[in-house]
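To start, the structure itself, in structure tokens.
Read the figures in this text as sums done on the coordinates, not as results from a lab. Source: prediction; values computed, not measured. Reconstructed Cβ throughout: ideal geometry from the backbone, glycine too, with neighbour counts over all protein chains shown.
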Amino acid sequence: MSERLETTALGRLGAGFAKALAYAVMVIFAIMTIYPLFWLAMNSFKSTREFQVNMLGLPHVWVFDNFKMAWDFGEFGKLFPNSIIYTAGATLGVIALSVLAGFAFAKIPSRATKWLYGSFIVGILLTLNSLMIPLFIEVNVLGIYNTRFAVLLVYIGAGLPIGIYLATEYIKAIPTALVESARIDGAGYFRIFWRIILPMSVPVATTLAILNITGTWNEFALINILVSKTELKSLPLGIYKFSGSLSTDYGKQFAALTIGMAPMLLFYVAFRKQITKGVSAGAVKG
Amino acid sequence: MTGAKRIDREAGRAYWFMSLPAFVIYIVVMAFPIGLSIVLSLSDYSGGKMFGGEAWHIVGFDHYLRAIQDPWFWNALKNNFYIVLISVFGQLPLGFIFAYIIYRRIVKWPGFWQGILYVPNIISIIVVGLLWQSIFSPSGPIAQVVNDLSTNRFHQQLVAIIGSQGHLNLSDSAIQAVLKLGGPDAPNMFANPIPDLRGMIQAYPSNQYGVLITDLTNLLLQKWTPTFLNKPNIAMLPVLFVILWMYTGMYLILFLANMQKIDTQVIESARIDGANEGQVMRHIILPALSGTMVNSAILAISGSLSSFALIFALTGGGPSRITEILSIYMYNSAFLGQHDFPLANAIALITVIISMLLIVVTKVFESRYGGKED
């Protein structure tokens with residue numbers, strides 16, 4: 001019985017069958033995953049009339065006007081800068097505040113840590129989508145409805161619980177002796193943060209950057225209730241404009257969707273390893 | 001002593017300076033809205049100025065009662081549970097299978113498969129929703145392919161019955177068969193079905209055979225429209241399919257990342273000692289991943305209950321509210337028609353409570369039946 005299964009002829013056959021089955025499963029699901037996106041990109045080059053008679057083939061006539069029309073109608077020239085501002089602002093904000101607070105929670109002894117840190121941990125379980133109504137009312141009461149400030153504030157708040165959790169746990173793992181010997185040498189906590197903790201926190205900051213960039217760039221539910229002015233809208237809000245009334249103008253709609261998915265696809269192609277690592281590190285609940 | 005005190009003060013100042021900004025934002029964006037939500041759900045506030053406007057009062061649990069007495073609430077809750085189920089029993093097992101296949105190097109190019117299957121996660125939910133909306137739409141590609149196929153078949157059947165060009169078979173039985181092709185409603189199109197249809201066919205000149213076949217097809221063939229987005233009992237299926245399509249890759253990544261933490265030597269030596277793949281799976285991989293599974297299940301539950309944008313873009317909760325989920329029901333209560341903020345907040349809190357309960361149940365389940373991992 002200690003003989004390995006593969007060394008018998010039957011075992012080899014079984015292993016071969018398992019391999020073929022595994023390839024079949026992977027190929028089928030890979031095609032199912034990628035084909036709709038390819039289909040979308042392909043159809044963004046067809047005129048609406050051609051799409052109606054040729055939905056599955058490559059375009060006979062490649063129409064590039066769709067993109068210009070979609071860009072103008074969706075006012076993407078305004079939305080792209082907004083998306084960049086929100087994504088960069090929220091990401092930098094979350095990283096800075098998380099690493100700062102993480103250092104305080106991990107390395108500066110205080111009785112408050114139990115409560116402060118604990119409340120952020122509870123926050124991981126909450127999802128801001130459930131709180132969109134009170135958030136909407138709150139920003140109205142505060143008079144910050146339709147402001148970039150409100151969007152950034154909410155996005156930073158949304159990223160903080162997981163950010164602080166990851167930063168605190170990461171900084172806890174940095175040897176306390178490093179901090180203590182710097183203290184004995186007379187360094188203040190700010191100096192220690194700046195000289196020791198921050199440089200050592202680059203990996204966790206990278207994880208937070210990945211999580212917040214992908215999360216914020218694609219976010220829809222919250223910004224949808226925070227702004228209504230086109231000047232302040234982000235890309236997903238602009239793309240949503242192409243549903244409903246425009247859903248029969250396929251050429252333009254598909255071009256808009258392609259414009260909407262392109263930046264993240266490029267980002268993914270460039271940073272695939274970091275993204276998958278960041279996402280699996282950040283997938284913590286409870 | 002004074003030196004130590006000074007250090008303490010410096011530590012205290014640094015501590016608060018570093019942690020307070022984050023905490024204040026947390027209060028403003030998460031803690032306060034929860035409190036506000038609770039207050040509003042017990043009130044009769046219906047928009048307008050919160051302070052200094054029309055007075056509003058605390059009225060108790062009326063809105064919670066209204067919610068649970070509304071059949072649409074249960075419909076939305078049911079849909080949320082479908083999503084939880086497809087997530088926990090669809091995405092997780094599939095993701096696990098993919099991860100296992102890749103991890104055990106049963107297929108080549110691990111990075112390639114992983115990279116492909118994760119792609120939908122990276123795309124904006126709105127893009128995904130609108131993309132699938134047009135795929136499933138009555139004028140979309142699925143409807144077109146099905147109709148092209150059925151048109152072809154109808155053509156062939158027609159030709160088989162009435163014969164080819166120049167030799168039309170217009171006997172009563174042939175006409176009857178053509179009518180039968182058109183389905184049960186076809187005879188109702190004519191006053192005297194058989195003679196009328198025969199007359200119509202005879203009116204075509206013999207060189208217009210192609211036109212005749214096309215016209216007959218257009219007249220008699222029931223165009224198929226995708227009913228799967230309209231039928232109450234199955235309207236959720238496409239939604240669930242899209243959810244499966246979008247998020248399975250996420251769990252593949254999670255499982256794979258945690259499988260890769262397993263010491264490969266343990267597996268190698270188990271194999272050398274004669275353990276087969278099934279035993280490796282049962283005694284090494286599964287126990288090592290039970291924590292990841294619980295965490296994934298919690299992620300799936302909380303993600304499912306808070307999802308909004310996908311269904312908002314894909315169906316908007318339609319047709320006629322059939323695919324509504326709690327977050328859409330909440331959103332529409334607050335922003336469509338009269339601003340029913342109390343009801344919306346009651347729904348929000350019910351959602352949060354259900355989510356927390358399910359997470360606790362999962363945790364209890366873990367501590368009772370799992371717990372082999374570190």
> Over all residues in B:140-149, what is the mean tally of Cβ atoms on other chains that come within 10 Å of each residue's Cβ?
Replying inline: 2
> Where a ≥ b ≥ c are the square roots of the eigenvalues of the C-alpha gyration tensor, would you call chain A rounded, which needs a/c under 1.5, or, failing that, prolate if a/b is larger than b/c, or oblate?
Replying inline: oblate
>> Applying a 10 Å radius around every beta-carbon, put B:249-259, B:38-48 in order of their mean neighbour count, most first.
In response: B:249-259, B:38-48
> For labels at residue B:196 and residue B:149 in the simple 7 Å Cα→Cβ model, what's the distance in nm?
Replying inline: 3.3
> Taking neighbour counts of Cβ atoms within 10 Å as a proxy for exposure, in what order, fewest first, do A:208, B:168 appear?
Replying inline: B:168, A:208
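State whether the protein assembly as shown is rounded, prolate or oblate according to the following rule on the C-alpha gyration tensor (a ≥ b ≥ c being the square roots of its eigenvalues): a/c under 1.5 gives rounded; otherwise a/b larger than b/c gives prolate, and the remaining case gives oblate.
prolate
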>> Quick one: 3J(HN,Hα) in Hz for segment A:166-173, Karplus 6.51/-1.76/1.60 with θ = phi - 60°, rounded, Gly and Pro as x.
In response: 5, 5, 4, 5, 5, 6, 4, 6
> Counting only other chains, what is the mean number of Cβ atoms within 10 angstrom of the Cβ of each residue in peptide A:135-141?
Replying inline: 6
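Determine, from the Cβ-Cβ distance of residue A:58 and residue B:176 and an R0 of 45 Å, the FRET efficiency 1/(1 + (r/R0)^6), rounded to the nearest 0.05.
Numbers: r = 44 Å, r/R0 = 0.99.
Efficiency, rounded to the nearest 0.05: 0.50.
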> Once phi is turned into ³J(HN,Hα) by the Karplus curve 6.51 cos²θ - 1.76 cosθ + 1.60 with θ = phi - 60°, what whole-Hz value does each residue of segment A:192-205 show in order, with x for glycine and proline?
Replying inline: 5, 4, 5, 8, 10, 5, 4, x, 7, 8, 4, x, 5, 5
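Among the listed pairs A:78/B:49; A:172/B:261; A:78/A:273; A:229/A:252; A:107/A:277; A:46/A:277, which have their C-alpha atoms separated by more than 29 angstrom in this model? Each step should come with its number before you reach the end.
Working: A:78/B:49 31 Å; A:172/B:261 21 Å; A:78/A:273 31 Å; A:229/A:252 22 Å; A:107/A:277 26 Å; A:46/A:277 37 Å.
Going by Cα-Cα distance, A:78/B:49; A:78/A:273; A:46/A:277 fall outside the 29 Å limit.
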>> Give the average, rounded to an integer, of partner chain Cβ atoms located within 10 angstrom of each Cβ in A:14-25.
In response: 3
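Where the only charges are on Cβ atoms (+1 Lys, Arg; -1 Asp, Glu), what is the dipole of segment A:67-282 about its Cα centre, to the nearest 20 debye?
Values: 17 positive and 9 negative charges, 77 e Å.
With Lys and Arg at +1 and Asp and Glu at -1, about 360 debye.
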> Once phi is turned into ³J(HN,Hα) by the Karplus curve 6.51 cos²θ - 1.76 cosθ + 1.60 with θ = phi - 60°, what whole-Hz value does each residue of segment B:73-88 show in order, with x for glycine and proline?
Replying inline: 4, 5, 4, 5, 4, 4, 4, 4, 5, 4, 5, 4, 5, 5, 6, 6
> What order do you get for A:138, A:169, B:277 when you list them from fewest to most C-beta neighbours inside 10 Å?
Replying inline: A:169, B:277, A:138
>> For segment B:291-365 and segment A:220-262, what is the centre-to-centre distance using only Cα atoms, to the nearest Å?
In response: 23
> According to a simple spin-label model (label point 7 Å from Cα along Cα-to-Cβ), what is the distance in nm between residue A:177 and residue B:68?
Replying inline: 5.9
>> Could you tell me the calculated FRET efficiency between residue B:290 and residue A:18, based on Cβ-Cβ distance and R0 = 30 angstrom, to the nearest 0.05?
In response: 0.80
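Compute the Kirkwood hydrodynamic radius of segment B:26-116, taking the inverse of the mean of 1/r over all pairs of distinct Cα atoms, and give it in Å to one decimal.
Numbers: mean 1/r = 0.0556 Å⁻¹.
Averaging 1/r across every pair of different Cα atoms and inverting gives 18.0 Å.
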> How far, in degrees from 0 to 90, does helix B:2-26 lean away from the longest principal axis of the Cα atoms of chain B, to the nearest 10?
Replying inline: 20
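Around residue B:99, with a cut-off of 13 angstrom between Cβ atoms, what is the net charge of the other residues, counting Lys and Arg +1 and Asp and Glu -1? Show your work: numbers first, answer last.
Working: positive: B:104, B:105, B:261; negative: none.
Computed value for this residue: +3.
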>> Between 0 and 90 degrees, rounded to the nearest ten: what's the tilt of helix B:286-306 against the longest Cα principal axis of chain B?
In response: 70
> Under 5 Å between amide H atoms, partner at least 5 residues away or on a different chain: which partners does residue B:43 have, H built in plane at 1.01 Å?
Replying inline: B:59
